[in-house]
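Below you will find the structure I want to go over with you.
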Amino acid sequence: FALANLYSLTSIAYPAISCGANHFPPQEAAQVAIESVRQYSCNVKDVRFVLFERPIYDVFVKEWTNYSQKINQAANTTTTTTGERDRFRIASQSSLVSIRNCILCDEQQLPANREHLCTKCSESTRSMIFDKFLQRLCIAAEISFHELEKACKLLKPILNYYPLLYTPIQKFDQSIHPRDSAAEYYVQNQCNKEFRNTMPVAIVGDGNCFYNTFLKLAGAGTTTEASAVTSIELRARNIVELVLRINEYKTKYEPLETILDKFEDYVRKEMVHDTHFAAIWDLLSIPTVLNIDVISVYPKVNGDSDLHYQMLNVKRFSPLTSNETINDKQSKVDAPKTVRDVKLLFSHCNKPLKLGTVIQNWMPNHFVPLLNL
Ligand SMILES: [Zn+2]
């Protein structure tokens with residue numbers, strides 16, 4: 001503003017200073033910015049806040065709204081001068097957000113006939129859409145859980161544009177399925193007998209093995225664009241599902257509390273990042289996302305006292321039902337019955353060392369699906 005006044009400028013653009021790489025808190029930045037406009041703007045008639053990221057934009061809108069309410073209140077109690085009131089033509093929140101931007105890129109304005117996605121975004125590929133989607137969740141998660149929640153709500157309508165119909169294959173086919181010999185060892189030696197007749201399928205261990213497991217089983221009849229569904233999409237869908245219904249999940253899975261990470265930390269620090277390992281949380285919501293049952297199989301390597309073994313071996317995880325779907329049950333009775341189970345093995349990339357050594361605290365680091373032979 002000192003320079004603007006020196007050069008008699010009448011308009012300036014104002015970014016969220018230091019909120020990017022320097023991680024200055026956006027709320028404080030907004031307060032400083034608004035206060036400096038109030039105190040130092042002098043001849044500047046037009047100040048535009050140029051805010052690149054949606055969460056930061058939202059913080060500025062909130063602070064500006066708070067500030068405008070304060071000023072308007074003060075104006076009503078006649079403590080401010082007419083001059084000050086005229087100089088601060090306060091925009092109400094509704095006029096600020098009436099510029100409708102694409103909810104995904106937040107860059108392009110929406111054409112009048114579109115509700116969520118700009119022309120440019122709706123023309124990009126499914127996988128590009130979800131790359132951007134997860135990126136947005138990631139940025140929001142950096143700020144706070146509340147911001148992540150808002151981002152999930154905002155972006156959720158996009159999921160409806162890309163229906164996901166998933167039919168998991170059940171049978172092992174040696175001509176197309178590579179087997180996982182380490183996992184085979186666990187199935188044959190440390191899992192319940194009922195699984196001896198199944199074969200673990202090799203899955204790439206790139207940090208996305210949990211999501212890759214479900215992609216690997218995407219059979220014919222899965223959504224028309226089956227090949228375009230990525231692990232990033234499944235991760236993004238799973239995050240939205242968990243974040244927006246977290247209280248329902250916490251209630252339903254209260255007995256698992258001892259083996260669950262604190263959700264708010266886990267989702268912000270791990271789950272929103274592509275290729276970060278999945279945790280038990282991911283397993284709780286994927287049945288709802290894919291409308292399947294997941295039967296988890298946990299090898300008894302650590303013996304009977306292992307809590308994970310007790311809670312995760314031969315457990316069926318089903319979609320979360322809401323009141324709505326319970327009422328729908330009657331009409332679903334006649335639907336053709338297809339097996340919609342996925343058997344998921346908690347495995348390890350390596351076989352345990354032999355020679356009868358007692359393995360202390362064996363921890364799985366890999367997921368693979370089991371298919372019927
Ligand atoms: Zn867009």
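The values are calculated or read from the model by the stated rules, or taken from the named source; none is laboratory data. If you're wondering where the values come from, they're calculated on a predicted model, not measured in any experiment. FYI the Cβ positions are ideal-geometry reconstructions off the backbone, even for glycines, and counts take in every protein chain you see. For accessibility, only protein heavy atoms count, side chains too; no ligands or nucleic acids. Shrake-Rupley method; radii C 1.70, N 1.55, O 1.52, S 1.80 Å.
HN-Hα J couplings of segment 52-68 from phi, Karplus 6.51/-1.76/1.60, θ = phi - 60°, integer Hz, Gly and Pro as x?
Values per residue, Gly and Pro as x: 6, 9, 3, x, 5, 4, 4, 4, 5, 4, 5, 5, 5, 5, 4, 5, 5 Hz.
List the residues whose amide H sits under 5 Å from the amide H of V342, counting only those 5 or more places along or on another chain, with H placed 1.01 Å from N in the peptide plane.
Amide H neighbours of V342, under 5 Å, 5+ apart: D293, V294, I295.
Taking the mean number of other Cβ atoms within 10 Å as a proxy for protection, how do you rank 47-60, 11-24 from highest to lowest? Working shown, then result.
On the way: 47-60: 18.2, 11-24: 13.2.
Top of the packing list down: 47-60, 11-24.
Compute the FRET efficiency between R100 and K62 as 1/(1 + (r/R0)^6), taking r as their Cβ-Cβ distance and R0 = 30 Å, and round to the nearest 0.05.
Details: r = 18 Å, r/R0 = 0.61.
It comes out at approximately 0.95.
Continuing with the same structure: Summing +1 for each Lys or Arg and -1 for each Asp or Glu, what net charge is found among the other residues whose Cβ lies under 12 Å from the Cβ of T251?
On the way: positive: R245, K250, K252; negative: E248, E254, E257.
My count for the surroundings of T251 gives 0.
Now a separate question. So how exposed is S144, as accessible area in Å² (1.4 Å probe, rounded to 10)?
So the heavy atoms of S144 present about 30 Å² to solvent.
For H273 and S124 in the same chain, what is the full-extension length gain: residue separation times 0.36 nm, less their Cα-Cα distance, in nm? Numbers along the way, then the final one.
Numbers: separation 149, 0.36 × 149 = 53.64 nm, distance 2.17 nm.
Full extension from H273 to S124 adds 51.5 nm.
When Lys and Arg each count +1 and Asp and Glu each count -1, what net charge do the other residues less than 11 Å away from L217, Cβ to Cβ, add up to? Could you put the intermediate results ahead of the total?
On the way: positive: K171, K216, R340, K343; negative: D341.
So the surrounding residues net to +3.
Excluding same-chain residues fewer than 8 positions from K132, which aspartates and glutamates have a Cα within less than 17 Å of its Cα?
Leaving aside aspartates and glutamates fewer than 8 places away in the same chain, those within reach of K132 are E53, D106, E107, E123, E142, E147, E149, E233, D274.
For R179, which sequence-distant residues (separation of 5 or more, or a different chain) have an amide H within less than 5 Å of its own amide H, given hydrogens modelled in the peptide plane?
A202
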